[in-house]
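The values are calculated or read from the model by the stated rules, or taken from the named source; none is laboratory data. What you see is a predicted model; the values in this text were computed from it and never measured. Don't worry about glycine lacking a Cβ; one is built from the backbone with ideal geometry, like all the others, and counts go over all protein chains shown. Remember, those area values only see protein heavy atoms, side chains included, never the ligands or the DNA or RNA. Shrake-Rupley method; radii C 1.70, N 1.55, O 1.52, S 1.80 Å.
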Amino acid sequence: MIKMNSMKKKLLALGLTAVMALGMGSMTQAVDVDVPDVVVDQDSVTITKEYNLVGEGSSPEETFKLTSDAGTVKDGDATTVPAITISDLHFDKGAATADGKKGKFTVTLPTYTQTGVYEYTLKEKDGETAGVTYRADSMKLVVTVVNDDNGLARIAAVHTEKEDGTKSDTFTENTYTANSLSVSKKVTGNLGDKNKEFSFTVTFEGPADKTWYDEITVADGSTATYNNATHTATFTLKDGATATFDNIPAGVTYTVVEDDYKAKGYTTTYDGKETGTMGAEAIKTTVTNNKEKDVDTGIYLDNLPYILMLAVVVIAAAAFVISRKRRVEL
């Protein structure tokens, strides 16, 4: 730490703060850089990250990485830029929450041998975990190195930038997005057996460009069994029953298939949601089986008009015979 008398130290600190405020603009709340009110020979900067849960699920274990370019000299006579180092940020399984779980990167500043303004571009490494959205916005770390009678002092600040280089007060945060899939059964028709168990298979597939940590679970009350190794579930449903699968990451696709029951006289109808890609919203699909058949009442309806005609003839003949018999008797 540089030694200075108290008054000189305060004046220098105030001057540095004013210069940085004018040169950098106001720091964004989103970046949340921990910088003390008086910065003299600062050796590190911390940058806060917020990890949010979207939908319903439990985030897998995740390590975020922040990288830096080689840096540039924005002002001064230095011809080289000392490298900074940045710690990784680890979140345990289930860490992401709807309100956001916070963690911090630590940027360690090097020792500078010349005065000047040094600028570094920081970018988060695009990870490969299915369901996780990584920060796309870049950040600028600006380190101003000043000289006094006793040596050099460092002051640092961070701000975010849009792709066109303009400063921004917002940037994309990190999220883990997952939700559930529910499969329901409906049986219709006068011969539909509402107590019959219909067999199903559901298959899940992760995004080709992502690493999928398959931690799908079966909701309480469901009779399904799920195999994480094959990403498939098998189960049976009768009328009114539902099987639900939780914690399906965004980007994972699913396919619901019911066994063929045509030989049993059933017509199977899907509702259009039996295949798809998981997002932030829960998905519910219903498969309907219908069995309908004319009921045999013992009378051939096609012959009914002829039967009625015959009946009329018989009745008429009987009436004629009875009428003639009465006339004879008279």
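Please report the accessible area of His159 (heavy atoms, 1.4 Å probe, ligands and nucleic acids excluded) in Å², nearest 10. The value for His159 is about 10 Å².
Largest first, the extents of the alpha carbon coordinates of the range 99-144 on the three principal axes equal 45, 18, 16 Å. By accessible area, using a 1.4 Å probe on protein heavy atoms only, the range 67-166 has 45% of its surface on carbon and sulfur.
Here the Kirkwood formula puts the hydrodynamic radius of the range 73-132 at 14.9 Å, using every distinct Cα pair. Per residue, the Cα convex hull of the range 42-154 amounts to 101 Å³.
Projecting the Cα positions of Thr80, Leu122, His90 onto the charge dipole of the range 68-146 (unit charges on Cβ atoms of Lys, Arg, Asp and Glu, taken about the Cα centre) puts His90 furthest along the positive direction. Looking at the range 242-292, the accessible area is 50 square angstrom per residue; that uses a 1.4 Å probe and ignores ligands, DNA and RNA. The orientation-averaged projected area of the convex hull spanned by the Cα atoms of the range 216-258 comes to 3.4 nm². Counting Lys and Arg as +1 and Asp and Glu as -1 over every other residue whose Cβ lies under 11 Å from the Cβ of Asp193, the net charge comes to +3.
Here is the P(r) of the range 222-298: all C-alpha pair distances, binned every 10 Å from 0, give 14, 44, 28, 10, 4, 1 in whole percents.
Here the peptides 59-66, 200-207, 97-104, 139-146 are ranked by packing, the mean other Cβ count within 10 Å, and the order with the highest first is 139-146, 59-66, 200-207, 97-104.
Cross-link check: pairs Lys196/Lys284; Lys123/Lys210; Lys185/Lys210; Lys93/Lys123; Lys210/Lys262 evaluated at a Cα-Cα cut-off of 30 Å; pairs beyond the cut-off: Lys185/Lys210; Lys210/Lys262. Note on the range 157-277: Cα-Cα pairs beyond 21 Å make up 51% of the total pair count.
Quick one: net charge around Thr85, please, counting Lys, Arg +1 and Asp, Glu -1 for every other residue with C-beta under 14 Å from its C-beta. Net charge around Thr85: -2.
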